[in-house]
Structure formats: structure tokens, C-alpha cells
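One structure is given below, encoded as C-alpha cells.
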Amino acid sequence: MNGQDGYGFCPRCGAVMQDGVCRSCGYSIRRDAGWQGPSAWQAGSGWQESANGHAGPGGQGPLMRPQKKQKKPGHGRVLAFTCAGIGILFLIAIIVFMVLSIRKVFDEVQKNTLPGYGYDSGNGYFGYGNPYDDSLQDGYGDYDGSDGYYKPDEKDDYYEEITDATSQDLDYKVIWESVSMRPDDSDDSCTYDGVYPVLRDEEGEEEEKFSSMNQKIKEMVCRYKDQYRDYASGISSSGYVTYMDEEKISVVVRHSFYEKKTTIPRVEAITLRVDTGEVISHEEMAHVDEELAWQFRSRNSHQNGTVEFVDELSDEKLMEYLKDEKDSVMFYTPVGLEIGFNYDGGWVTVTLKTDTL
């Protein structure tokens, strides 16, 4: 068979065509594109496969069927998966950013809202009022119980929380000073904040005896200032005057060490004689023995409920903690003598109702 006989192959089914008409399916070139004669399917214009397997126009030889164009697999599916992956990564980035932002805001609030110090009145007093303002009452600010501040009283069964108990009816007074350390990088949340009381005479001057006392107080409150970079978010140290009269003054500081996932608390206290500026030792405040250890356990259960660390201590170990110069804590309040100690992860105190105030 050759191209001069008018034969060819049907482009629809591949069967033999003669004179432009398929003998199998009836396909007709005349109907599709207008008949131009058999030349379109003659040997001179058909396809020929050469010996090396390549097809080419013209010449004699076996004819090839037209090859259908192959579709490339899954371009749409690949694009869909790519877009979905990008979307998931973007969503994860948003979630991580929100978590970090919330954490940063929480840390700032936790550090900058120091317990017991709501504002700076402009005259050096931090807290719920200026006790030396004649328009305020009782040395505690305008207190009526509605603002939620705890006002300790000698009639209380026990001391509920560390708070200020300043007085304006004495020959000396207390003002407040603060120190802060901030990194140059605004994204760095590691900071230091300290607030501490400063003693002055009635005229607002710092007498020589007060100078020595103020130095001791500042050293206690700012003890960890140079170490704040050792913690993920720094340190805050909040000083309180828990008791003051003409003979003595007790100052307590609450330290907060901010790690990434937790805050480590610590309490320290100092009691000073007003007339000489000397430190009153723990031995002068309370004699630690087995009877005191028993009383501590009883008061602890009543005031604090279950404190596993205390419950697991023997009487001997409990007395060691109460005598320890570094970790034991004693200070006066309007309610009584507060006594306790620091331990790994926290601190605990109880109130001893005493006549020694």
C-alpha cells in the first residue's frame, strides 16, 4: 500500500481510511474540514518512521498513528498542598507571637505592679495614701475596707498578709524611694525594680542615726540588685514597714526572682531600735526551743493549712530552720510577732500573739 492509492489512517479510531472516509467508524475528512483530495494522506505528506526510530514527513515507508499529547500529573494538587502548608506555617507563627506577647505583658504586670504600692503621689510616698497628709486617717490612707487593702489590727487572730502599718503620730516618719534598672534593648524583659522605706525626722531631715538605719534597710532590699541578670525576667524587691513605734521599726522585703516559667519568692526582715539604730536580734525577739516548735506547727495548721515542707520536718529540723541566720524571718506587726523561714521554693510564717511589743 502506498500514498498514491488514497489510503491513510483515521485520526479518530486509527483504522484504515480510503479517499478520506474511515472504513471502521465512518469518519470523513470532507465533513470535518472540507475535502481537498487524497494528497493530505498520500505518502508525500504522511508520516514515515526511519530506521533509527524517528518519524519524518515525505518518502515511502510504514505510516505512524498520530501520538496523543500526554497530560502532566497533578499541578493543581501540588499547588493546593503548597498553599495549605504555607497557611499552616503562618498560623503557627501567629500563635507563637501571641503566646510570647501575652507572656511579656504578664511579666511586665507581675513585675511593675509591686504589692502594696499603687502609685507615686509625687512626694516620695508609694502606696495607698500619704500617711503624713492630714486629710487622711489613721496613718493608712483613706481606708474604709472598700478598696480591698488589708489593715492589720491587734484584735486579729493572726497576721493575714505582709502590708504597711505606718504611723503619723511619731517623732519620725517614713518616705519611699525606688531604684530601677532597664536594659537598652526594649525587647529585653530582664529588669530590676526595688522600693524601700527611708526614715526622716519630723522636719524631713535625715539625722545621723537614721542615716545608719537607712543604709541597713537599703542594703537588705537591694541585696540582689547586681544579680538580676541571672534570671530570665529579672528581680523585684518590695519593702514594707510592718510595724513602727517610738522604740522600734520592722521592715520586711519581699523578693521575687522571675524565671521563665516560675517566680521564686523570698522574704527578709530587719528590726531596728529607733534611738540607737541597732539591729534587734532574733534571740531578743523569741527564744527558739521545742515548745516554740510545737507552737509553730499548731499555728501553721490554723493559719496556713497544709504546708508539706513543714509537716515533713522533725522538731529538730524545724528548730534549725527557725534559728538559721540566713533563712529565718522574724518581724513585728500590729497583730503580734511574725516568725518563720525561707525554704526551697517558698517561705512560711506564723503569728505569735505576744506582750513584748
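For the stretch 237-279, which residues satisfy the criterion of being among the β-branched types (V, I, T), under 18 Å from I162 (Cβ atoms) and open to solvent by 50 Å² or more (accessible area, probe 1.4 Å)?
Answer for the stretch 237-279, where residues must be among the β-branched types (V, I, T), under 18 Å from I162 (Cβ atoms) and open to solvent by 50 Å² or more (accessible area, probe 1.4 Å): just I264.
How many residues are of a type in the set (A, V, I, L, M, F, W, C) and touching a Ser or Thr at 6+ places or on another chain (Cβ under 6 Å) if we restrict to the stretch 340-350? Write out each step before concluding.
First pass over the stretch 340-350, keeping only residues of a type in the set (A, V, I, L, M, F, W, C): 341, 347-348, 350.
Right, trim to touching a Ser or Thr at 6+ places or on another chain (Cβ under 6 Å) and you get 341.
Of the residues in that region, 1 qualify.
Do we find a residue being in contact with a Ser or Thr (Cβ under 7 Å, 6 or more places away or on another chain), in a helix (DSSP H, G or I) and modelled with pLDDT of 95 or more anywhere in the stretch 313-322?
Pass one, the stretch 313-322, residues in contact with a Ser or Thr (Cβ under 7 Å, 6 or more places away or on another chain): 321-322.
Narrowing the set further to residues that are in a helix (DSSP H, G or I) leaves 321-322.
Still in the list and also modelled with pLDDT of 95 or more: 321-322.
Within the stretch 313-322, one or more residues are in contact with a Ser or Thr (Cβ under 7 Å, 6 or more places away or on another chain), in a helix (DSSP H, G or I) and modelled with pLDDT of 95 or more.
From G345, G305, grab the single residue that is of a type in the set (G, A, S), on the phi > 0 side of the Ramachandran plot and in contact (Cβ under 8 Å) with a residue 12 or more places away in the chain.
Residue meeting the stated conditions: G345.
Looking only at the stretch 80-89, count every residue that is open to solvent by 80 Å² or more (accessible area, probe 1.4 Å) and modelled with pLDDT under 85 and tell me the total.
Residues in the stretch 80-89 being open to solvent by 80 Å² or more (accessible area, probe 1.4 Å) and modelled with pLDDT under 85: 1 in total.
For the stretch 336-344, does any single residue satisfy the condition of being in a loop (DSSP other than H, G, I, E, B), surrounded by fewer than 18 Cβ atoms within 10 Å (Cβ to Cβ) and of a type in the set (S, T, Y)? Step through it out loud before you land on a result.
Going residue by residue through the stretch 336-344, those that are in a loop (DSSP other than H, G, I, E, B) are 336, 344.
Now narrow it down to the ones that are surrounded by fewer than 18 Cβ atoms within 10 Å (Cβ to Cβ): 344.
Filter again for of a type in the set (S, T, Y), leaving none.
No: zero hits.
Just give me the residues in the stretch 175-224 being in contact (Cβ under 8 Å) with a residue 24 or more places away in the chain, open to solvent by 40 Å² or more (accessible area, probe 1.4 Å), closer than 20 Å to L272 by Cβ and among the hydroxyl-bearing types (S, T, Y), in sequence order.
S212
If we keep just the residues of the stretch 275-292 that are touching a helix residue (DSSP H, G or I) at 6+ places or on another chain (Cβ under 8 Å) and of a type outside the set (D, E, K, R), which is farthest from D193 (Cα to Cα)? Walk me through how you get there before you give the answer.
Of the residues in the stretch 275-292, the ones touching a helix residue (DSSP H, G or I) at 6+ places or on another chain (Cβ under 8 Å) are 275-277, 279, 282, 286, 288-290, 292.
Keeping just the survivors that are of a type outside the set (D, E, K, R) gives 276-277, 279, 282, 286, 288, 292.
Details: T276: 30, G277: 26, V279: 25, H282: 28, A286: 32, V288: 34, L292: 36 Å.
The qualifying residue farthest from D193 (Cα to Cα) is L292.
Restricting attention to the stretch 225-243, which residues are out of contact with any strand residue (DSSP E or B) (no Cβ under 7 Å at 6 or more places or on another chain) and touching a residue at least 24 places away in the same chain (Cβ under 8 Å)?
R229, the sole residue that qualifies.
The values are calculated or read from the model by the stated rules, or taken from the named source; none is laboratory data. None of the values given here were measured: they were computed from a predicted structure. When we count neighbours, we look across all protein chains shown, and the Cβ atoms used for this are built from the backbone with ideal geometry, even at glycine. The protein model used for the area step is the full one, side chains on, heavy atoms only, and it has no ligands, DNA or RNA in it. Shrake-Rupley method; radii C 1.70, N 1.55, O 1.52, S 1.80 Å.
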